[in-house]
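The values are calculated or read from the model by the stated rules, or taken from the named source; none is laboratory data. Source: prediction; values computed, not measured. Every residue, glycine among them, receives a Cβ derived from its backbone with ideal geometry; neighbour counts consider all protein chains shown.
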Amino acid sequence: MIFSKKKNVEALEETSIINKEIEGLSQGQIVRRRFFRHKGAMISIIFLASIIVFVYSSLKMKIFSFTYPGWWKYTIEDLPPLELGACKDGLVGCPTLSLRPEFLGGNGISLGEHPFGQDDIGRDYFALVMRGAQRSLMVTFVIGFIGGTIGTVVGAISGFYRGIVDSVLMRFTDFIITIPTIIIGSVIGFHFGNLGVGFLAFYLGLFAWTGLSRLVRGEFLTLREREFVDAARVAGATNRRIIFKHILPNAVGIIIVSVTLLMSGAILLETALSYLGFGVVSPDVSLGSLISQYQESFTTRPWLFWYPGLFIISIALSINFIGDGLRDAFDPRQRRRITKKDRERAVRLKREAAQK
Amino acid sequence: MFAFIMRRLGTLAVILFGSSFLLYNLAALSGDPLADLRTSREPNAAQQIIALTRKLQLDIPPPLRYFYWLRGLFGVFIGKFDLGQTRGGESVASAIGSAVPTTVRLVTTATLTAIILGISIGIVTALRQYSKFDYSMTFVSFLLFSLPIFWVAVLLKQFMAIGFNNWLGEPSIPIKTVVLIGIILGLIISSVVGGDRAKSWKIFGVSAIATMLVLQVLVKINWFLQPGLGPIFYLLGSVGIAFGVTQLSMGISNRVALKSSLTVAGIAFVLYFPMQKVFEMQKQGLLLAAAATLTILIAVGVALYFAKIDRAAVVRTTVLTAVLLGILMIVDQLMGTWERYMGSDAINYRPVPTVGQTNPLLEPGDYWVSTLDLLMHLVLPTIALTAISFAGYIRFSRGTMLEVLNQDYIRTARAKGLTERTVIMRHAFRNTMIPMTTIIVVDFASIIGGAIITERVFGWTGMGTLFNKAVGSFDLNLLMGVFFLTGTLALVANLVADLLYSALDPRIRVGSGK
């Protein structure tokens with residue numbers, strides 16, 4: 001049945017195994033260990049890093065006077081002729097990407113001329129998706145950075161100083177919360193959309209910190225009552241020192257975790273805004289604007305719909321998994337699953353200790 | 001307490017004033033409402049500009065115009081409530097009034113489904129922490145977190161609507177698919193039930209084979225085109241519901257509770273036959289309301305007749321059973337209508353629609369057919385909305401439940417020798433629900449705000465559409481109307497959530513501390 005009893009003896013034994021493991025380690029070391037052990041998070045961090053490198057190295061870029069060539073032959077401005085290539089049923093611009101090796105009856109692993117196909121006017125879709133992913137990643141990180149900074153500062157100040165400062169700041173937070181993000185986004189997108197994606201992300205970040213600041217405030221309110229803060233104050237530490245040296249390091253877990261959540265929300269927010277037509281302005285593209293532009297062609301040319309979606313999901317999913325790994329790592333009450341290997345290790349250690 | 005509420009309401013008014021002022025000016029700055037007229041080549045464009053300027057008072061600068069808008073709002077105290085007019089000349093209040101019911105219909109179902117599914121899955125994953133089920137649900141919830149809703153919507157339209165409709169043309173399931181569905185369902189059931197290896201293999205085998213057999217039989221008797229339960233399966237289903245509800249609510253070992261819910265199931269079975277006649281009558285809405293009242297009265301009566309102690313708990317059990325049985329009966333009736341609905345000219349054997357709220361071609365008059373039509377139009381948006389929102393509930397209820405299970409009072413309850421059912425349902429579940437309640441309240445308030453994107457994808461005209469229209473055509477009054485309603489509701493819901501929290505959890509007192 002669903003209600004099964006946990007064996008208490010086993011639970012006790014598990015606690016002792018965990019205690020044995022973290023003996024003599026600093027808090028940072030414990031967190032790092034727990035994080036490295038989280039398989040999902042480790043896989044995601046490698047995956048996300050390779051996506052970022054892959055996406056940003058692909059296209060030709062101009063950084064001030066320096067031109068980075070990029071390893072992909074097309075850019076989004078190029079207009080190669082629409083190709084029949086691999087197409088069936090009279091369609092043009094089909095993807096030439098082939099992933100099935102020859103011994104399985106495919107055409108071998110190759111990119112071909114247009115791996116993700118071509119859009120209506122012949123632009124290389126791979127280049128478009130890469131550009132969209134660059135934009136979406138930038139929006140994600142800018143919103144995460146700006147929202148994270150403002151949220152932490154506001155939350156820390158109002159949690160640490162309490163009283164009137166707290167009331168004012170929290171009412172201000174309520175005030176921002178009342179205005180739905182999508183309204184802000186569309187007003188901003190409408191007004192500043194033509195200034196480029198960077199500005200859009202910047203302004204969205206200015207409104208995205210509310211949830212984070214509440215969490216940080218709660219954490220600061222609890223931490224400032226703890227004994228080590230009293231001890232520091234008695235020892236004559238300034239407020240600045242208490243905040244930066246004593247409280248902030250203890251609150252960093254909750255901050256990092258909520259920033260990752262903020263970032264995975266940000267990529268979906270950008271997608272939604274672009275879908276409603278308030279986000280990235282043409283001719284620039286983002287993953288969201290690509291999907292919304294080609295959603296009608298799903299039945300005839302599904303690749304125009306699949307590839308950007310695939311990138312959005314991969315990015316958001318890996319950020320979410322990293323956040324989950326971080327939460328597990330920072331949570332002191334977290335009970336890890338005790339595997340067979342751990343038990344064997346505990347028994348071995350016990351035996352070694354007995355031999356000595 | 002009273003002082004606290006008054007103070008909070010005061011702050012709320014100040015916040016609303018500030019944010020509406022800010023939004024009014026932001027929105028006024030965001031574009032020129034006369035832009036399309038200025039470039040228009042119509043001969044009377046100049047007159048139109050003048051007329052619209054006068055109607056929307058565009059000659060007044062926005063910060064001042066805001067106070068005109070506010071005056072209309074305060075008119076509520078002297079009976080002259082006025083939110084202004086839309087660009088089309090319609091009153092904003094009436095535009096919102098007609099959009100609210102649509103949105104509520106669209107989002108309530110999805111929110112309810114998401115809450116019920118999310119909380120139950122979250123709690124099961126917490127009880128089965130680190131099991132395969134837990135890991136796969138974690139993955140699924142993260143995946144759902146990462147999906148853009150319109151992407152899901154396009155896929156749903158393709159596979160759930162067009163694909164399913166095509167499949168209904170000739171409903172046969174290839175043997176490969178049958179085996180696959182059987183194996184998947186078997187895996188889910190065996191990992192939820194748990195137990196040692198031998199037991200879970202046994203459960204897996206039995207449930208997989210049962211699923212495959214049931215699917216084969218359903219295809220053979222052409223159930224997908226002529227669905228229905230019939231009295232026998234209704235009886236079996238109701239006995240199952242009676243047992244299930246009793247187990248969750250009071251435990252099977254409580255004979256009085258079991259006897260009362262089984263009696264309710266018996267009464268429902270007896271009433272099954274006369275109800276078939278009742279369903280054919282006119283004025284179904286009234287009749288159904290009467291039937292619902294009667295159902296609850298019968299359930300309370302039965303409980304009071306059998307139970308001498310613990311009456312409230314038994315009443316809870318029987319009422320829950322009776323409500324579920326009533327729903328089952330309505331489902332059976334809807335299944336009976338299915339064939340009639342499918343065969344009508346408007347539907348023509350393609351029952352799952354991709355857009356719209358109702359089918360305008362459907363002949364009115366038949367209560368059950370139009371109800372079914374309404375429900376079928378809800379199917380896709382509900383799945384899309386549920387899919388993206390219930391992941392949050394899974395994560396949150398799992399986390400809370402795990403925290404509660406680590407508390408000392410749970411250990412005490414176990415040490416007292418209470419059954420595991422009592423520990424989970426009475427001690428752990430109720431305490432898990434305290435933080436959940438506050439989240440649910442806030443979520444319900446945001447229902448009215450609507451699902452801006454969902455409405456657009458599925459072609460509904462609710463609050464989301466109004467908002468879209470307002471932003472797209474610089475319709476300031478309309479935007480402010482929508483915002484005022486959603487903003488007020490969100491703030492009030494936050495207040496209610498705080499109050500509820502303190503009512504449910506005596507450790508927390510509002511208004512006392514800083």
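Do the conditions hold for A:VAL187, that is, is it surrounded by 19 or more Cβ atoms within 10 Å (Cβ to Cβ), within 11 Å of chain B (Cβ to nearest Cβ) and in a helix (DSSP H, G or I)?
For A:VAL187, the condition - surrounded by 19 or more Cβ atoms within 10 Å (Cβ to Cβ), within 11 Å of chain B (Cβ to nearest Cβ) and in a helix (DSSP H, G or I) - is met.
Just to be sure before I move on: is B:ALA257 among the aliphatic types (A, V, I, L, M), within 26 Å of B:VAL314 (Cβ to Cβ) and under 27 Å from the mean Cα position of the chain (by Cα) in the structure I sent?
no
When you go through (1) closer than 30 Å to B:PRO435 by Cβ; (2) touching a residue at least 60 places away in the same chain (Cβ under 8 Å); (3) aliphatic (A, V, I, L, M) one by one for B:VAL352, which number turns out not to apply?
With respect to (1) closer than 30 Å to B:PRO435 by Cβ; (2) touching a residue at least 60 places away in the same chain (Cβ under 8 Å); (3) aliphatic (A, V, I, L, M), B:VAL352 is out only on (1).
Determine the pairs where a residue that is among the charged types (D, E, K, R), located within the range B:464-480, has a partner that is outside any helix (DSSP H, G or I) with Cβ atoms under 7 Å apart, the partner being 6 or more residues away or on another chain.
So the pair list comes out as B:LYS469/B:ASP475; B:ASP475/B:THR86; B:ASP475/B:ARG87.
From the list B:LEU23, B:LEU9, which one is closer than 25 Å to B:LEU466 by Cα and either assigned to a helix (DSSP H, G or I) or away from every other protein chain (no Cβ under 12 Å) (or both)?
Just one listed residue meets the conditions, B:LEU23.
What residue, among those in the range B:475-497 that are closer than 16 Å to B:PHE21 by Cβ and either among the hydroxyl-bearing types (Ser, Thr, Tyr) or touching a Ser or Thr at 6+ places or on another chain (Cβ under 9 Å) (or both), is surrounded by the fewest Cβ atoms within 10 Å (Cβ to Cβ)?
Step by step, filter the range B:475-497, then rank; the result is B:THR488.
Please give the number of the condition B:GLY97 fails out of (1) of a type in the set (Gly, Ala, Ser); (2) within 29 Å of B:GLY18 (Cβ to Cβ); (3) at pLDDT below 75.
Looking at each condition in turn, B:GLY97 falls short on (3).
Of the numbered conditions (1) exposed (fewer than 13 other Cβ atoms within 10 Å of the Cβ); (2) on the phi > 0 side of the Ramachandran plot, B:LEU64 fails exactly one; give the number of that condition.
(2)
Taking the conditions exactly as written (basic (Lys, Arg), touching a residue at least 12 places away in the same chain (Cβ under 8 Å) and surrounded by 15 or more Cβ atoms within 10 Å (Cβ to Cβ)), does B:LYS55 satisfy them or not?
In short, no.
Is it the case that the range A:158-175 has a residue that's under 25 Å from the mean Cα position of the chain (by Cα) and closer than 30 Å to B:ALA28 by Cβ?
Of all residues in the range A:158-175, those under 25 Å from the mean Cα position of the chain (by Cα) come to A:173.
Adding the requirement that they be closer than 30 Å to B:ALA28 by Cβ leaves A:173.
Within the range A:158-175, one or more residues are under 25 Å from the mean Cα position of the chain (by Cα) and closer than 30 Å to B:ALA28 by Cβ.
What are the residues in the range B:141-169 that are touching a residue at least 60 places away in the same chain (Cβ under 8 Å) and either more than 11 Å from chain A (Cβ to nearest Cβ) or farther than 30 Å from A:HIS38 by Cβ (or both), if any?
B:PHE150, B:ALA153, B:VAL154, B:LEU156, B:LYS157, B:MET160, B:ALA161, B:ILE162, B:PHE164, B:ASN165, B:LEU168, B:GLY169
Kindly list the number of the only condition in (1) facing chain A (nearest Cβ under 9 Å); (2) touching a residue at least 60 places away in the same chain (Cβ under 8 Å); (3) assigned to a helix (DSSP H, G or I); (4) buried (at least 19 other Cβ atoms within 10 Å of the Cβ) that fails for B:SER191.
For B:SER191, the failing item is (1).
Given the options B:PRO364, B:PRO360, B:PRO381, name the one that is within 20 Å of the chain's Cα centre (by Cα) and not assigned by TED's automatic domain parsing to the domain that holds B:ILE267.
Checking each option against the conditions leaves just B:PRO381.
Please go through the range A:22-72 and give me each residue that is over 24 Å from the mean Cα position of the chain (by Cα) and touching a residue at least 12 places away in the same chain (Cβ under 8 Å), ordered by number.
A:LYS60, A:GLY70, A:TRP71, A:TRP72
When the residues of the range A:250-305 are filtered to those that are among the hydrophobic types (A, V, I, L, M, F, W, C) and in contact with an Asp or Glu (Cβ under 7 Å, 6 or more places away or on another chain), which remaining residue is farthest from the other protein chains (Cβ to nearest Cβ)?
If we take residues in the range A:250-305 being among the hydrophobic types (A, V, I, L, M, F, W, C) and in contact with an Asp or Glu (Cβ under 7 Å, 6 or more places away or on another chain), then A:ALA251 is farthest from the other protein chains (Cβ to nearest Cβ).
Counting just the residues of the range B:464-474 that are away from every other protein chain (no Cβ under 11 Å) and not in a loop (DSSP other than H, G, I, E, B), which one comes out surrounded by the most Cβ atoms within 10 Å (Cβ to Cβ)?
It comes out as B:LEU466.
Which of (1) within 14 Å of chain A (Cβ to nearest Cβ); (2) part of a loop (DSSP other than H, G, I, E, B); (3) under 22 Å from B:MET463 (Cα atoms) does B:GLY89 not meet, given it meets every other one?
(1)
Give the residue that is surrounded by the fewest Cβ atoms within 10 Å (Cβ to Cβ), with candidates limited to residues of the range B:252-303 that are in contact with a Leu (Cβ under 9 Å, 6 or more places away or on another chain) and outside any helix (DSSP H, G or I).
B:MET281
Working carefully through the options B:GLY511, B:GLY450, B:GLY459, find the one that is at pLDDT below 85, on the phi > 0 side of the Ramachandran plot, away from every other protein chain (no Cβ under 11 Å) and not in a helix (DSSP H, G or I).
B:GLY511
If a residue has to be under 16 Å from B:SER249 (Cα atoms), over 25 Å from the mean Cα position of the chain (by Cα) and not basic (Lys, Arg) to count, how many in the range B:278-318 make the cut? Steps first, please.
As a first pass, look at the range B:278-318 and keep what is under 16 Å from B:SER249 (Cα atoms): B:299-300, B:303, B:307, B:309-318.
Among the residues that remain, those that are also over 25 Å from the mean Cα position of the chain (by Cα) are: B:299-300, B:303, B:307, B:309-315.
Then drop every residue that is not not basic (Lys, Arg), which leaves B:299-300, B:303, B:307, B:309-310, B:312-315.
Total satisfying the criteria: 10.
Please specify each residue of the range B:409-447 satisfying the condition of being of a type in the set (D, E, K, R), away from chain A (no Cβ under 12 Å) and assigned to a helix (DSSP H, G or I).
Passing the criteria: B:ARG430, B:ASP443.
Taking the range B:475-508, which residues are facing another protein chain (nearest Cβ under 9 Å) and either outside any helix (DSSP H, G or I) or not β-branched (Val, Ile, Thr) (or both)?
Of everything in the range B:475-508, those that are facing another protein chain (nearest Cβ under 9 Å) and either outside any helix (DSSP H, G or I) or not β-branched (Val, Ile, Thr) (or both) turn out to be B:LEU479, B:PHE483, B:GLY487, B:ALA490, B:LEU491, B:ASN494.
Restricting the search to the range B:8-30, which residues are under 25 Å from A:TYR203 (Cα atoms) and loosely packed, with under 15 Cβ neighbours inside 10 Å?
B:VAL14, B:PHE17, B:LEU29
Condition first: buried (at least 18 other Cβ atoms within 10 Å of the Cβ), within 14 Å of chain A (Cβ to nearest Cβ), in contact (Cβ under 8 Å) with a residue 24 or more places away in the chain and touching a helix residue (DSSP H, G or I) at 6+ places or on another chain (Cβ under 8 Å). Can you find one or more residues in the range B:106-121 that meet it?
Looking through the range B:106-121, at least one residue is buried (at least 18 other Cβ atoms within 10 Å of the Cβ), within 14 Å of chain A (Cβ to nearest Cβ), in contact (Cβ under 8 Å) with a residue 24 or more places away in the chain and touching a helix residue (DSSP H, G or I) at 6+ places or on another chain (Cβ under 8 Å).
Listed here are the residues, each with its yes/no results for (1) β-branched (Val, Ile, Thr); (2) over 17 Å from B:ALA451 (Cα atoms).
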residue	(1), (2)
B:LEU106	no, no
B:THR109	yes, no
B:ILE121	yes, yes
B:PHE142	no, yes
B:VAL152	yes, no
B:ALA161	no, yes
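Suppose we filter A:GLY236, A:GLY253 for residues that are assigned to a helix (DSSP H, G or I) and either of a type in the set (Gly, Ala, Ser) or not assigned by TED's automatic domain parsing to the domain that holds A:LEU310 (or both); which single one remains?
Answer to the check: A:GLY253.
For the range B:31-47, name all the residues that are more than 12 Å from chain A (Cβ to nearest Cβ) and either of a type in the set (S, T, N, Q) or surrounded by 11 or more Cβ atoms within 10 Å (Cβ to Cβ) (or both).
The answer is B:PRO33, B:LEU34, B:ASP36, B:LEU37, B:THR39, B:SER40, B:ASN44, B:ALA45, B:ALA46, B:GLN47.
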